[in-house]
Amino acid sequence: MPSILWVDDEIERLQAHILFLKEKGYQVVTATNGDDAIYKVKHQEFDLVLIDEMMPGKDGLTTLNEIKDIYPYLPVIMITKNEEESLMEEAIGQRIDDYLTKPVNPSQILMACKKILDRKNIIEEHRTQVLSNQMSQLSLALMNPLSTNDWIYLALKMFKLDMDLDELLDQNFREILYDHRREMNTEFGKFIEKNYGAWVHDEKHPDRPVFSTDIVRKYILPQLKKGKKVAFIVIDCMRLDQWMSLEPYFSDWFRIDREHYYSILPTATPFSRNALFSGLFPEDIEKYYPDLWSLNENDDSLNRYEKELLDLQLKRHKIDLGNKLKYVKVMNSDDLRRLSKNLNNLLDAQLLSIVVNIVDIIAHSRSDLPILKEIAPDEAAFRTLTRSWFEHSPLLSIIKEIGKSGSLVFITSDHGSVRGLRGTKVIGDRDTSTNLRYKYGRSLKADPKQTIFIKKPSDWRLPKCGINTTYVFAKDDFYLVYPTNYNKYLNYYKDSFQHGGVSIEEMVLPIAKLEYKQ
């Protein structure tokens with residue numbers, strides 16, 4: 001039975017109200033002054049306090065302040081005859097949870113109490129019903145033919161559901177949602193395997209999605225041609241749900257317009273981010289700019305030439321910015337602080353491109369540092385960890401300053417990541433690449449139910465990387481493990497965030513346009 005403390009110097013006049021609350025299932029304890037109220041709060045447990053604002057001796061605001069010093073999270077409703085705005089502002093500043101203006105009737109009191117005491121249960125019950133219906137809709141949607149836009153819609157629904165579950169105590173729903181997500185990724189993998197080759201060879205294909213290769217041409221170039229200053233910010237390995245959790249931080253300062261697109265394959269930095277900056281598929285980068293392309297995994301030049309690739313893309317479209325094109329790569333918090341300190345020297349750029357690698361580092365560090373896996377055991381905690389980093393980094397203030405300077409800001413990612421929970425065997429020679437979600441090399445073999453095998457790289461606009469190169473992409477939440485020491489590496493990489501393969505989490509990405517509110 002919820003327990004209420006009602007504090008009023010004329011409590012005898014409120015007996016009808018008190019009786020009404022008791023009939024509705026509430027236990028009501030009374031006090032006629034502030035000192036008695038504080039004593040009772042110290043010695044009894046209450047779920048809610050009702051306080052009259054005007055009382056002789058210790059008034060309502062003073063009593064409220066002392067109660068909150070003892071129990072900061074005890075809900076308090078203030079009842080007052082005074083409708084002055086200044087009083088309400090002062091009361092709200094004292095952390096009241098609601099207020100009522102006299103005279104009040106029993107129904108008003110009941111509704112105010114229910115709003116606070118039953119709100120959590122009502123919301124949870126309603127949310128449970130809504131979530132159940134929405135999960136059913138996800139499964140039903142998979143029974144129909146789906147377009148690229150349909151998959152984006154389902155990805156948004158899936159991530160929104162997952163984020164709604166963060167506020168739900170019953171975590172059984174998260175397991176159910178993960179089963180739905182796995183089912184969705186199975187069908188998504190079939191969809192990509194069937195259509196990707198046609199999309200990358202035909203820009204006019206009726207169901208071709210916007211790809212990484214299209215982003216600069218579609219979003220950045222039109223603004224530059226209008227003479228606008230643009231900031232192009234790429235947060236490496238940022239999933240769509242991570243951006244959705246960061247977006248509210250920008251809403252006070254920017255008008256936000258978010259659209260979505262597909263990462264090219266592999267969903268890995270040497271491929272997808274170079275495609276983003278060059279506007280070309282990996283096959284064409286290798287063909288036209290061999291000096292700017294490398295897949296030697298021991299070579300630190302994998303993404304050394306992003307500025308040059310961006311400049312070449314602009315020039316292909318008749319835009320030569322010269323020294324008005326500026327590029328910054330942020331690899332750690334020290335780089336971010338240096339960027340903040342030197343930002344004024346970059347604000348005159350016509351196009352300022354910033355690559356932030358920190359989210360990718362968090363994802364990879366989670367595999368190597370057990371403490372990070374403890375802190376972020378699942379996607380929900382991974383989002384929280386990303387938000388925590390963002391809240392304590394200068395990145396938001398950097399983006400605000402860029403927006404204030406008159407630049408239009410575009411924020412995106414090069415690829416997402418998926419939580420690898422199931423291993424699958426792959427066989428290859430000693431020159432095969434070491435990635436966990438995709439591999440390229442000769443004589444590759446893997447389970448076709450769990451992977452996509454590309455025998456001819458040009459079919460998917462992939463670089464040849466030598467004679468007889470083939471590619472294997474992991475689907476769903478699988479990761480690729482060699483038979484040698486299979487169990488050791490199966491356990492080592494299990495439950496790590498990985499990228500390079502085919503999943504909704506890796507491929508469906510945000511592109512957000514942020515326009516500063518003047």
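The values are calculated or read from the model by the stated rules, or taken from the named source; none is laboratory data. Keep in mind that this is a model prediction, so the values were computed, not measured. All Cβ positions, glycine included, derive from the backbone under ideal geometry; neighbour counts span all protein chains shown.
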For the range 143-152 the number of residues that are under 26 Å from K204 (Cα atoms) and at pLDDT below 95 is 2
Log entry, pairs with first residue in the range 231-250 being farther than 27 Å from N303 by Cα and of a type in the set (S, T, Y), second being at pLDDT 95 or above and not in a helix (DSSP H, G or I), beta carbons closer than 6 Å, six or more apart or on different chains, reads none
- Task: Test I215 against the stated conditions and say whether it is in contact with a strand residue (DSSP E or B) (Cβ under 7 Å, 6 or more places away or on another chain), part of a helix (DSSP H, G or I), aliphatic (A, V, I, L, M) and over 15 Å from I398 (Cα atoms).
- Result: yes
All conditions in (1) outside any loop (DSSP other than H, G, I, E, B); (2) of a type outside the set (S, T, Y); (3) surrounded by 14 or more Cβ atoms within 10 Å (Cβ to Cβ) are true of K42 except (3)
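Here is a yes/no grid of residues against (1) without any contact (Cβ under 8 Å) to a residue 24 or more places away in the chain; (2) in a strand (DSSP E or B):
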{"position": "I398", "(1), (2)": "no, no"}
{"position": "G406", "(1), (2)": "no, no"}
{"position": "F410", "(1), (2)": "no, yes"}
{"position": "D414", "(1), (2)": "no, no"}
{"position": "R419", "(1), (2)": "no, yes"}
{"position": "K425", "(1), (2)": "no, yes"}
{"position": "D429", "(1), (2)": "yes, no"}
{"position": "S433", "(1), (2)": "no, no"}
{"position": "L436", "(1), (2)": "no, no"}
Per the filter on the range 365-392, residues of a type in the set (G, A, S) and within 16 Å of the chain's Cα centre (by Cα) are A376, A380, A381, S388
* Determine, yes or no, whether N332 is loosely packed, with under 14 Cβ neighbours inside 10 Å and without any contact (Cβ under 8 Å) to a residue 12 or more places away in the chain. => no
Original post:
crowded, with 19+ Cβ neighbours inside 10 Å, in contact (Cβ under 8 Å) with a residue 60 or more places away in the chain and under 23 Å from F390 (Cβ atoms), is that true of A275?
Top reply: no
Filtering the range 62-93 for residues that are under 22 Å from L110 (Cα atoms), modelled with pLDDT under 85 and of a type outside the set (V, I, T) leaves a count of 6
Counted residues in the range 426-451 being in contact with a strand residue (DSSP E or B) (Cβ under 6 Å, 6 or more places away or on another chain) and within 30 Å of A381 (Cα to Cα) come to 6
* Filter result for R387 (in a helix (DSSP H, G or I) and either outside the structural domain of N344 (by TED's automatic domain parsing) or not hydrophobic (A, V, I, L, M, F, W, C) (or both)) -> yes
For the range 240-270, the count of residues that are among the aromatic types (F, W, Y) and part of a strand (DSSP E or B) equals 3
Per the filter on the range 12-31, residues surrounded by fewer than 18 Cβ atoms within 10 Å (Cβ to Cβ), assigned to a loop (DSSP other than H, G, I, E, B) and on the phi < 0 side of the Ramachandran plot are K24
Would you confirm whether any residue within the range 497-507 is surrounded by 15 or more Cβ atoms within 10 Å (Cβ to Cβ), acidic (D, E) and assigned to a loop (DSSP other than H, G, I, E, B)?
no
For this session: Determine whether I96 is part of a loop (DSSP other than H, G, I, E, B) and at pLDDT below 85.
Result: yes
Counting only residues that are free of Cβ contacts under 8 Å to residues at least 12 places away in the same chain, over 26 Å from V234 (Cα atoms) and among the polar types (S, T, N, Q), the range 468-518 contains a total of 4
Just one listed residue, out of D334, D311, D320, D360, is closer than 16 Å to F277 by Cα, in the same structural domain as G279 (by TED's automatic domain parsing), part of a helix (DSSP H, G or I) and of a type in the set (D, E, K, R), and it is D311
Practice prompt. Return yes or no: is L240 aliphatic (A, V, I, L, M), on the phi < 0 side of the Ramachandran plot, buried (at least 21 other Cβ atoms within 10 Å of the Cβ) and in contact with a strand residue (DSSP E or B) (Cβ under 6 Å, 6 or more places away or on another chain)?
Written response: yes
The residue from D9, D35, D59 that alone is surrounded by 12 or more Cβ atoms within 10 Å (Cβ to Cβ) and in contact with a Ser or Thr (Cβ under 8 Å, 6 or more places away or on another chain) is D9
